[in-house]
Structures are given as structure tokens and as C-alpha cells.
Amino acid sequence: MSSFNALPKGVTEADFTKAIKEYRALMGEDRVRTDSASLQSYSKIMCPVSEELHKPSAAMYPKTVKEIQAIVGIANKYKTPLWTISTGKNFGYGSAAPATRGQIVLDLKTMDKIIHVDEELGYCLVEPGVTYYDIQKYIKKHKMNLMISVPSPSAIVGPVGNSLDRGAGYTPYGDHFLFSCGMEVVLANGDVVRTGMGGVPNSTSWQATKWGSGPYVDGIFTQSNYGIVTKMGFWLMKTPPPGGYLPFLMKFPKVEMLPDIIKTIMPLRLSQLIPNACVVVNSLLEAACLCNYDENGKGMSRDTFYKGKGVLPPHVIQQIIEKCNIGAWSFYAAIYGTPEQVALAWKYVSGSFKAKFGNQVEIITEKEAKDDTNFEFRRQMMMGGSSLQEFTYYNWRGGGGSVWFAPVAAARPSESYKQVKIATDVLNKHGFDYLAEYIIGWREMHHIIDLLYDRTQPEETARAYKCYDELLKVFAKNGYGIYRTNPAFMEKAADTFGPEMRKIHHNLKKALDPNNILAPGKSGISLG
Amino acid sequence: MMNTSRRAFFKTFLSAGAALVVSGSGNTTKPAEAAVHEQIKGVCLFVPTLGKASDFVELMNTSAPGNWTVHPLEGTLTDRYFIAKSLYEEAKGRANTFVGAVDPGSFAVVQAAIFDSGGTFHYITYEERNRITFSAQL
């Protein structure tokens with residue numbers, strides 16, 4: 001029986017002990033932890049498998065690039081795999097747990113410097129432990145007229161981790177990796193690479209232009225295990241002037257209206273009259289985000305409406321829509337600019353929907369929304385604010401299980417509804433309801449489906465696994481890949497993109513990390 | 001007045017919290033002991049949907065006597081994250097027991113707050129699908 005929490009595959013206890021001794025000689029005992037209590041936060045896993053499969057062996061907290069260079073040296077010597085995290089939340093996609101049992105978590109939360117915020121050109125350069133909230137505080141403290149695009153758990157997660165996993169936000173810069181600019185990466189051999197213009201000594205444009213010269217390599221460090229990103233740049237938006245921000249909600253009464261909703265949105269999106277990554281939310285997710293309290297301050301959840309077995313029947317969903325005063329679809333978007341630009345764009349936007357839907361669309365702006373909880377958190381998110389309100393939906397079904405299945409669709413009317421039907425069929429077959437939103441990007445839609453289940457019930461957890469597995473297979477069969485997944489499904493998800501892509505990933509891994517020490521199994525990439 | 005099942009729930013949860021003051025760690029709980037109760041300097045978080053502050057105070061002082069302060073977790077989940085983080089930080093060095101009875105949405109942010117403050121948990125128990133009790137190490 002090992003004296004450690006877990007051991008990496010292929011590493012003996014004796015070698016692991018020696019490695020830990022060397023790591024401790026480098027950073028001290030406090031920053032190299034192997035006790036179970038210290039590893040708790042990395043064992044939390046929300047995907048429907050046992051924690052045992054993803055149990056880490058240790059956690060380390062480097063503070064400098066030099067320390068990370070020394071760490072990879074030791075890791076190569078003893079073949080101890082390093083699972084790098086930044087702030088380690090990764091809600092919906094597996095939390096901080098490593099892809100395989102026994103990896104050492106390299107927790108970069110201790111590297112939390114905001115290195116530079118450039119007000120003139122609107123960008124920042126930060127370390128991995130910096131959160132969106134830290135940046136917001138910095139901007140406020142220095143009275144800068146800037147804002148950063150945030151994902152839903154903005155207050156407690158950071159731009160480096162989110163963008164490296166190609167996360168999405170809700171502002172015009174909502175495709176977060178697209179609006180990143182320049183990285184510093186420690187490679188497995190200890191080299192430190194600065195991408196783009198960062199390679200030129202004394203460059204002043206590292207965060208001003210993405211490309212540099214020669215092949216663009218930043219992309220290979222996202223959703224990958226080819227290096228440890230220690231700094232990353234992000235473009236920031238100018239905050240609109242007073243009267244220059246108009247968030248709005250449009251409610252639609254029927255599920256079948258989705259294709260027409262998308263058909264009306266996309267010309268406005270392509271012309272940038274609606275410039276942000278906007279969302280179309282289904283009724284149950286919208287209701288679930290409200291379910292802290294009802295209007296009388298009483299707790300509200302799925303049980304409030306239905307105590308029967310199986311999925312929610314259509315008539316109950318209709319009752320929820322009516323009781324919560326929500327749409328079968330709720331469309332949240334915003335217009336940005338000068339007050340004059342906003343007023344003019346609003347004429348086109350509201351006019352387009354009125355022309356298409358007449359009195360079948362209910363249009364709500366801040367004036368009508370008043371203190372509506374969901375409108376308020378969407379309003380904040382579309383302006384780069386911090387809100388965790390979305391996670392209220394953990395109360396909907398209860399039991400603490402939540403895993404996001406996230407296929408991507410081309411933003412075409414027909415495809416939007418096709419995906420809804422496929423997802424609903426598979427989810428219902430396994431006894432789960434359909435809760436989802438479409439985040440509408442430039443020409444695609446991220447279909448974020450929340451598979452909520454009760455982790456305290458082994459049968460339900462096993463059913464959730466089978467459901468996710470079938471969703472993956474059925475969507476792939478229909479030509480749809482997913483944009484991101486949790487550690488339990490990384491291998492299977494990688495398979496859906498074909499053997500040639502897997503071969504490229506494998507060859508890159510062999511070239512850049514021949515000892516397979518960096519996060520083996522991430523996105524299905526491993527030499528083991 | 002609280003119903004019987006809720007009383008039983010709080011009794012279990014508080015006894016478990018008190019037991020952990022003795023053991024200092026571990027995932028299993030033991031019956032509380034009178035001698036231990038006197039040592040408790042406890043902080044308890046709760047969400048208002050699970051009971052009133054007066055209920056918590058009454059039951060804590062009955063089931064696990066000590067110096068308890070109770071804090072409702074209210075407002076948005078963002079507020080709750082920062083409230084929990086601040087209370088946990090304040091409790092370090094001042095209290096020896098940090099427990100809570102919360103819903104899953106609140107628990108997600110409370111857990112993040114405690115982990116972000118370098119904390120760990122003695123136990124996390126789903127009493128029901130929508131009711132979680134926990135005790136965090138101080």
C-alpha cells in the first residue's frame with residue numbers, strides 16, 4: 001500500500017519519493033503537498049465518474065518561471081506527470097482533476113501578477129493566477145476606461161485558464177482565445193518561448209499584434225499539453241459612454257420558433273448591429289437560473305413543479321414557463337456605441353424582430369426588466385461584470401452533478417433546431433431534462449447543454465455517464481463535434497475528430513514532450 | 001417551531017461538527033461529548049430557505065453548546081462567495097468550528113471560497129438533494 005494519495009502510472013513509490021524530495025528542495029515543503037487534505041480541492045470532480053480515476057498524487061505551487069523550468073527538469077528525470085491548472089475551477093468541464101490518476105497538480109494560482117494594463121491600446125498581460133475580478137478591480141482602481149470579456153464564473157476564474165480552454169464570454173470579445181494576444185510558455189525541455197512579437201528582444205508590440213513572423217503557434221498551446229503557459233496577453237474593450245450600452249431580452253413563446261429566431265439574429269450579428277456573443281436560452285435553463293427563491297422568498301426547484309418520475313412532461317414545462325414568466329426561448333443581447341449609434345441600431349434590431357414575430361415577441365430592456373434576476377446577471381455579463389448567478393441552476397435538480405455537453409453548430413436556422421431535437425431525444429431517453437443555451441459567435445453557435453444529475457446516487461451517475469457517451473456518439477454521427485469536454489471523455493472526444501488529427505497531436509507531443517510529463521491525457525493526447 | 005425531522009437533521013450536523021473539534025480531521029464523525037461542547041467557538045453559515053437564524057442559534061446551543069455565531073448567506077451567488085470567503089478568513093484564529101447548511105448552488109460558491117482561502121473540509125454531506133451540510137477545517 002502506497003503512502004501517497006495516488007501514484008502516477010509507471011512511477012515506483014521509491015522514484016516518486018525521490019522526486020518529491022527534489023521538488024521540496026526546490027520550493028520547500030509548504031509548496032509541495034502530498035497530504036490528502038491539501039489535495040481535496042483537486043479531487044472535486046463533477047463529471048459522472050468516480051473521483052478515484054482522477055485522484056492526484058501531489059500539488060505544487062510555483063511562484064516563478066525559473067521554478068517551473070526547474071520543475072520540468074525534475075519531472076523529466078523521474079517521469080512524474082504535471083497537470084497544470086490556473087485558478088482550477090473549470091465548472092462543467094471537470095473542475096481541477098487531472099485526466100489520469102496520480103498526476104501532480106501544478107497549481108499556478110500563486111503566479112498572480114497583473115504585469116501590465118495598457119489603457120492607450122486596451123490590452124493586459126497577466127499571469128495564470130490572475131482572476132477576471134482582479135483585472136476588474138485593477139481597472140477600477142486606476143480609473144481606466146476599459147472592460148474585459150468574462151465567462152459565466154467570472155468572479156472566481158481567470159482569463160489564462162479560460163482562454164487556454166477556448167472558453168466563451170458574452171461581450172463583443174466573447175471568443176476569448178481569439179482576443180488573446182501573445183503567450184509566454186515553458187516547454188517540457190525547460191525552454192521559455194514568447195510567441196508572436198514576444199520573441200523579438202525589447203518588442204513593444206507583443207500584445208498589440210498576434211502574428212509575428214512564420215507559423216502562428218499560440219493555438220497549439222490551447223486545450224493541449226505541449227507547454228506550460230506562464231503569461232498571456234488579452235485585448236480589452238473600451239467601456240461605452242453613458243447611454244452607450246443597451247442590453248435587452250426578447251421572449252418567444254414557442255419552442256418551434258427557434259429557427260426563425262436564429263434566422264432573424266444572424267444578419268444582425270454578421271453586420272455587427274448585434275456585436276456581442278449573444279445567447280438564446282431554453283425555458284428550463286432560464287427557470288433553473290431563477291431557482292434560488294420564488295417571488296415569496298421560498299426556495300424553488302424542479303421539485304416545486306413536478307414530483308413524478310422521469311423527465312418533465314410538456315404540460316409541466318408549459319406551467320413552468322407561465323409561472324416563471326419566461327420564454328420558451330429567451331434571447332439576450334446588447335448594443336454598444338455612442339448613444340446615437342445605439343438608438344439607431346436599436347431601431348434596426350427591434351424592428352427586425354417586430355417585423356418577423358409581431359406580437360409573438362416580448363421585448364424587454366432595462367426599463368421593463370426592473371430587478372429581474374436573470375436580466376440583471378445577463379446585463380452584467382454582457383458588460384464584462386462579475387456574476388456567479390448562473391450557478392443557481394445547481395439547485396434545480398440537486399445532488400451536485402453537472403456536466404456540460406457542448407457541441408458546436410453552424411449558425412443556420414435548420415441546424416439550431418436539429419440539435420435541440422437530437423439532444424432532447426437522447427437526454428429524455430436516459431431520464432434527463434433538456435436545459436441549454438446557444439452562445440452565438442461569429443458564424444457558429446456553441447450549444448451548451450447542462451446535464452444535471454444527482455452525484456449522490458450511483459445509479460443516476462452511471463446513467464449520466466451513458467447519456468453523455470450517447471450524446472457524443474449521436475452528435476458525431478450527425479457531423480457535430482464538441483468544443484470542449486471533461487477529463488472522463490477527452491479520449492472519446494478526440495476520436496470523433498479522426499485518426500489523422502490524432503496523429504498530428506501525437507507527433508507534436510513526441511517532438512515537444514518526449515517523456516510525456518506534461519498533462520498526459522489532456523484532450524486525449526498522451527504517449528503512454 | 002421546527003419540525004422533528006429538521007431538528008434531527010440539525011442535531012446530527014451539529015454533533016458531527018463538534019466531534020470534529022476533537023478529532024481535528026477525518027471523514028467520519030463521532031458523537032459529541034459534553035466536555036468538547038464547551039470548547040466550541042463556532043461559525044455557522046446557512047441559507048434562509050433552510051431555516052431561520054433563531055432556529056439555528058437555539059439548536060446549536062442545545063445540541064452543541066458553545067459560543068456560536070450564525071450568518072445567513074443572502075444576496076446573489078457572487079455576494080455569497082465573497083461573504084463566505086470573508087467569514088472563513090475571519091474565523092481563522094478566532095474560531096475552531098466552521099460549519100454550514102446550504103443549497104447546492106450556494107455550496108458551489110462556498111466550497112470555491114474555502115478552497116480559494118486554502119481551506120479543506122472535514123466532511124461534506126448531502127442530507128437531501130438540495131441540502132448540504134459541511135464542516136471546514138480551520
(request) Could you list which residues have their amide H under 5 Å from that of A:Val217, counting only those 5 or more apart in sequence or on another chain, with H placed in the peptide plane? (result) A:Gly196
(request) Starting at the first residue of region A:519-527, write each ³J(HN,Hα) from the Karplus equation 6.51 cos²θ - 1.76 cosθ + 1.60 with θ = phi - 60°, in whole Hz, x for Gly and Pro. (result) 6, x, x, 4, 6, x, 9, 6, 9
(message) Taking amide H atoms as placed 1.01 Å from N in the peptide plane, list the residues 5 or more away in sequence, or in a different chain, whose amide H sits under 5 Å from that of A:Asp175.
(response) A:Gly169
(message) So if I take the centroid of the Cα atoms in region A:163-225 and the same for region A:421-473, what is the distance between those two points in Å?
(response) 32 Å
(message) Give me, ordered by chain and number, the residues 5 or more places off B:Phe98 or on other chains with an amide H under 5 Å from its own placed amide H.
(response) B:Val43, B:Ala136
(message) Apply the Karplus curve 6.51 cos²θ - 1.76 cosθ + 1.60, θ = phi - 60°, to the phi angles in region A:473-481 and return the couplings in whole Hz, x for Gly and Pro.
(response) 5, 5, 5, 4, 4, 8, x, 10, x
(message) Can you give me the convex hull volume of the Cα atoms of the protein assembly as shown, divided per residue and expressed in Å³?
(response) 161 Å³
(request) Working from Cα positions, state the angle (0 to 90°, nearest 10) between the long axis of helix A:373-382 and the longest principal axis of chain A. (result) 60 degrees
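Taking chymotrypsin sites (Phe, Trp or Tyr not before Pro) as exposed when DSSP calls them loop (any state but H, G, I, E, B) and at most 12 other Cβ atoms lie within 10 Å, what is the longest stretch of chain A free of them, the sites themselves excluded?
A:217-441
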(request) Using only Cα positions of region A:114-238, each an equal point scatterer, no hydration layer, compute I(q)/I(0) via Debye at q = 0.11, 0.13, 0.14 Å⁻¹ and quote the log10 values to two decimals. (result) -0.34, -0.47, -0.55
(message) Please report the net charge: other residues with Cβ closer than 10 Å to the Cβ of A:Leu388, K and R +1, D and E -1.
(response) -1
(request) Could you work out the relative contact order of region A:114-238, using alpha carbon pairs under 8 angstrom and six or more residues apart, expressed as a whole percent? (result) 30 percent
(request) State which stretch of chain A is the longest one without any exposed trypsin sites (Lys or Arg not before Pro), exposure meaning a DSSP loop state and at most 12 other Cβ atoms within 10 Å. (result) A:1-142
(request) Can you check what the Kirkwood hydrodynamic radius comes to for region A:13-110, Cα pairs only, in Å to one decimal? (result) 13.5 Å
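Rule-based calculations on the coordinates, nothing more; no lab input. Keep in mind it's a predicted model, so treat the numbers as computed, not measured. Positions of Cβ are generated from backbone atoms using ideal geometry, with glycine treated the same way; all protein chains shown enter the neighbour counts.
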